[in-house]
Amino acid sequence: MHDDARVACASYARGAAGATIRCSDAAVLMRLFMQTQPAGADAPRYYQLVLQQDLLGGWTLFREWGQQGSRASSKREVYLERDAALSAFESARDAQLKRGFHVMFSQGFEGPHAR
């Protein structure tokens, strides 16, 4: 990623929807949005992963999950090496796919879902 494309990513609360991760499109290295099939009257559950390089050259993995229309939970992990961050991204993705989530949107991947 080019130095001029690095932009800090901020979290903010948005009413009952909980915390939503907002990033400049130029700053996002990888983004993946997954969702489950709705069960009966319940809203679908979602899981979002965003991996981006920070201003100091490290890598930050943002995770956000919850049920659409209700509060969300989020977690931020910082990695010094790209390979470690990418491995954590792939592990989180694979774990959610095994739990029945389906990919709804992906950004910044060479292939359909990275490796």
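For this structure, a couple of remarks:
- Dipole magnitude (debye, nearest 20) for the stretch 27-107, charges at Cβ of Lys, Arg, Asp, Glu: 240
- Residues 103, 50, sorted so that the one with the fewest Cβ neighbours within 10 Å comes first: 103, 50
- Here the Karplus relation 6.51 cos²θ - 1.76 cosθ + 1.60, evaluated at θ = phi - 60°, turns the backbone of the stretch 30-36 into coupling constants of 9, 9, 9, 10, 10, 8, 8 Hz, with x for every Gly and Pro.
- Under Karplus coefficients 6.51, -1.76 and 1.60, residue-wise ³J(HN,Hα) of the stretch 83-98 in Hz, glycine/proline x: 4, 5, 5, 5, 5, 5, 4, 5, 5, 5, 4, 4, 4, 6, 5, 5
Taken together, the values in this text are just the output of simple stated rules run on the coordinates, not laboratory data. These numbers come from a predicted model, not from an experiment. Virtual Cβ from ideal backbone geometry, glycine too; neighbours counted across all protein chains shown.
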